[in-house]
Amino acid sequence: MFRVGVFGIEKGNVEETVRKAVEAVGGVDVDQGEEVIVKPNIAFHKDPYGAINTDPRVLDAVLKILREHTSRVVVVESDSTSNYAEVRAEQSGIMEVVRRNEARFVNLSKDKIVHVTVAGRTLRLPKTVVEAQYLVNVPKLKTHEDTVITVALKNMFGVLPEKNKAVFYHPILEEVIPLVNAACKQNLIVVDGIIAMEGRGPIAGTPVTMNLVMSGRDPVTVDAVAAHIMGFNPRKIKIITRTHSLGIGEIDLGKIEVVGEPIERVARKFRAPRAVTGIIVDGTMTLRVLFLNMATPQSVGKKVRVGVIGCGKIAEYLHLPGYNALANAEVVAVADLNEERLDYVKHKFGVNCTYTDYANLLDDRTIDAVSICTPPHLHKQITIEAVEHGKYVLCEKPLATNTKEAYELLDEVGNSKFFVMPAFNYRFTPSVKMVNEIISHGKIGEVKRATVNFKSDQRVWNAITPFRFTEKSGVLADLGPHVIDMLHYFLGDVDDVEGVKARAERYGVYDRVNINLTMRSGAEVNVGLHWFSDSIIPSFQWIIEGIKGTIKFDVLRSPYAVNINWNGNRWQRYSVEPILKDLADKVVMAIKRTHYSYSAEISYFVQCVANKTPPSPTLLDGVKCVETMERISRKV
């Protein structure tokens with residue numbers, strides 16, 4: 001008879017409960033020296049409510065039990081669209097558990113691929129999992145928009161090596177999951193049901209406290225019992241019935257022995273997942289999890305030592321305070337030709353070392369990464385030298401002054417293990433992330449046109465080195481790259497520059513520019529760039545029109561919200577923060593010249609350095625931006 005363990009956690013003793021659950025289904029049958037592969041659920045790189053990823057305490061207990069039988073324990077996960085496996089593991093606290101138990105971590109996306117045929121279909125699977133001597137599945141108890149529930153069966157979808165697996169396999173998800181489970185025989189399953197999830201799972205649903213641990217030997221039987229506990233009929237869940245049809249497990253409760261707690265005692269009706277017709281069905285918490293750069297209490301890797309080259313306003317307002325706010329980063333040196341400026345920065349931000357020659361900063365082998373905040377004509381050379389000195393680079397835009405130099409930079413450092421990240425900070429704004437999600441998932445349908453207006457008064461900025469006023473391009477070179485990068489981010493490549501009108505009204509260089517573009521997708525775009533503003537608070541307003549709806553948002557004046565008009569109906573506001581937070585941030589921006597995206601960008605860069613994972617935006621994104629900007633400049 002098939003057996004599943006269901007145990008409530010008493011007095012918070014997770015390890016004791018996990019041990020009971022494992023023993024209830026026959027314990028661990030591993031010989032000393034055998035290698036054990038463990039697959040937790042690490043769906044997202046942050047889990048502020050404890051409902052997304054496998055609870056580190058459950059994994060810790062499982063690893064302790066396994067280490068009592070063998071010293072060869074390997075925890076595995078693959079890259080996904082949400083982030084690289086190592087980043088998700090570090091920031092979720094899973095990697096710390098792996099280290100503490102002296103296990104290894106393997107990114108399955110980097111593993112050797114083998115081809116496995118199941119039911120006439122051939123799958124590309126990582127060798128580590130397929131050839132595992134003993135495979136332990138440690139999933140989370142959650143709902144899922146596409147598969148109703150995600151427990152043992154769906155967790156194995158995570159072994160597929162493709163980073164974009166969710167997009168690639170989405171149309172055939174209910175066919176692929178049974179095949180993966182048939183190809184990868186599981187020897188033990190331990191389900192984390194401490195804080196489960198209902199509603200819009202697997203990431204943006206609502207936490208449900210269950211305080212349960214489940215166990216079993218096959219994913220179908222475990223998922224059938226889990227479905228009953230969650231209030232769903234397993235016979236109506238296709239991934240369960242289709243995997244069962246391959247000869248795996250049991251669905252009929254009458255043929256399953258449930259030990260521990262009776263199902264009726266622990267069961268509750270979970271709110272079912274619903275397909276998203278707008279954006280959100282689970283409210284503000286959903287938006288906060290998806291789009292805010294929320295801090296997690298877990299370690300995020302090693303402490304990163306940073307040098308900042310160029311100490312102008314962008315370093316003062318964005319880079320230096322951004323690094324100083326992080327527990328896992330330290331600014332150890334700055335460089336600038338202006339000694340007075342160096343002294344000011346040294347005392348304001350508590351930096352120990354200052355240099356008038358950036359080469360001396362690059363010679364410091366203890367520095368892991370640098371921010372390049374110099375005038376643009378120096379970006380290419382300093383970036384190359386920094387990479388050659390073994391530094392990771394965050395470089396202010398543009399990466400180079402023309403397309404030829406940009407591609408030379410790509411050729412020089414593009415294959416280095418030390419990455420270069422262009423500083424497109426507005427990508428890290430919650431509203432921008434929301435818009436990208438909305439467009440990429442087709443919520444407003446095919447985009448037909450976009451209107452962008454970026455207004456920032458240069459008199460308010462008061463640059464230390466006013467190089468913008470020595471180049472005729474003026475506002476085009478200043479604000480244009482931000483617009484072009486976001487157009488690439490939202491809509492893809494530019495097909496044609498239809499026309500450019502530029503005027504010099506106040507500053508002796510172009511301070512008002514209008515651009516008409518056609519995207520390769522067919523969308524028509526009008527861009528207005530202005531060094532004049534109707535307020536001391538700059539404005540970066542977008543209107544994006546699709547065949548199903550129109551999005552309106554202002555990156556600077558309302559970074560937490562977007563407004564959407566669905567098919568000509570009234571406007572609806574979607575926000576990750578209350579409107580009072582928006583208003584408060586406007587005041588802060590006016591006084592301190594700061595923005596949410598500043599700290600979010602720096603935090604992301606440091607995380608990428610600490611975990612040695614390539615960032616997005618990429619070096620190529622920066623190069624393509626330079627290329628498009630040159631095409632626009634030629635039409636002036």
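Flag not set for K443, criterion: within 26 Å of the chain's Cα centre (by Cα) and open to solvent by 60 Å² or more (accessible area, probe 1.4 Å). So in region 108-162, with the set limited to residues that are among the basic types (K, R) and in contact (Cβ under 8 Å) with a residue 60 or more places away in the chain, which one is most open to solvent (accessible area, probe 1.4 Å)? Here the residue is K154.
Hey, any hits in region 499-521 for a residue that's at pLDDT 90 or above, farther than 20 Å from V626 by Cβ and under 28 Å from the mean Cα position of the chain (by Cα)? Looking for residues that are at pLDDT 90 or above, farther than 20 Å from V626 by Cβ and under 28 Å from the mean Cα position of the chain (by Cα), one finds at least one in region 499-521, hence yes.
Please state which of the following conditions F469 fails to meet, knowing it meets all the rest: (1) at pLDDT 95 or above; (2) farther than 19 Å from C625 by Cβ; (3) part of a helix (DSSP H, G or I). Unmet condition: (1). Checking region 51-67 against the condition returns no match, with no residue being in a loop (DSSP other than H, G, I, E, B), open to solvent by less than 40 Å² (accessible area, probe 1.4 Å), farther than 25 Å from V208 by Cβ and out of contact with any Ser or Thr (no Cβ under 9 Å at 6 or more places or on another chain). Give me the pairs: first residue in region 356-380 and at negative phi and of a type in the set (K, R), second residue open to solvent by less than 10 Å² (accessible area, probe 1.4 Å) and part of a loop (DSSP other than H, G, I, E, B), beta-carbon distance under 6 Å, and six or more apart or on different chains, which are they? Pairs that qualify, where the first residue is at negative phi and of a type in the set (K, R) and the partner is open to solvent by less than 10 Å² (accessible area, probe 1.4 Å) and part of a loop (DSSP other than H, G, I, E, B), are K380/A400.
Based on what the data block shows, is T150 under 21 Å from T209 (Cα atoms), in contact with a Phe, Trp or Tyr (Cβ under 9 Å, 6 or more places away or on another chain) and not basic (K, R)? Yes; evaluated as a whole, the condition is true for this residue. Examine region 416-439 for a residue that is in contact with a Gly (Cβ under 7 Å, 6 or more places away or on another chain), modelled with pLDDT under 95 and small (G, A, S), and state whether such a residue exists. Scanning region 416-439 turns up no residue that is in contact with a Gly (Cβ under 7 Å, 6 or more places away or on another chain), modelled with pLDDT under 95 and small (G, A, S).
Suppose we filter region 564-599 for residues that are modelled with pLDDT under 80, closer than 14 Å to S539 by Cα and in a loop (DSSP other than H, G, I, E, B); how many remain? Of the residues in that region, 2 qualify. For region 13-23, the count of residues that are in contact with a helix residue (DSSP H, G or I) (Cβ under 6 Å, 6 or more places away or on another chain), open to solvent by 30 Å² or more (accessible area, probe 1.4 Å) and touching a residue at least 24 places away in the same chain (Cβ under 8 Å) is at least one. For the residues V387, V432, V370, the requirement of being assigned to a strand (DSSP E or B), within 26 Å of N611 (Cα to Cα) and not polar (S, T, N, Q) singles out V370. The strands (runs of 3 or more DSSP E) located wholly in region 87-152 that include 3 or more residues which are over 21 Å from the mean Cα position of the chain (by Cα) and within 30 Å of P48 (Cα to Cα) occupy 134-138. Being open to solvent by less than 10 Å² (accessible area, probe 1.4 Å) and within 22 Å of the chain's Cα centre (by Cα) is not true of P178. Step by step: first the residues of region 390-421, then only those that are hydroxyl-bearing (S, T, Y) and in a loop (DSSP other than H, G, I, E, B), then the one that is farthest from G474 (Cα to Cα). Which residue is that? Looking at the filtered set, the residue picked out is S416. Those strands (runs of 3 or more DSSP E) of region 486-537 in which at least 2 residues are surrounded by fewer than 18 Cβ atoms within 10 Å (Cβ to Cβ) and free of Cβ contacts under 8 Å to residues at least 40 places away in the same chain, considering only elements entirely within it, cover 494-503, 512-519.
The values are calculated or read from the model by the stated rules, or taken from the named source; none is laboratory data. Computed from a predicted model, the values in this text were never measured in an experiment. All Cβ positions, even for glycine, are placed from backbone atoms using ideal geometry, and neighbour counts span all protein chains on display. Surface areas here come from the heavy atoms of the whole protein model, side chains and all, with no ligands, DNA or RNA. Shrake-Rupley method; radii C 1.70, N 1.55, O 1.52, S 1.80 Å.
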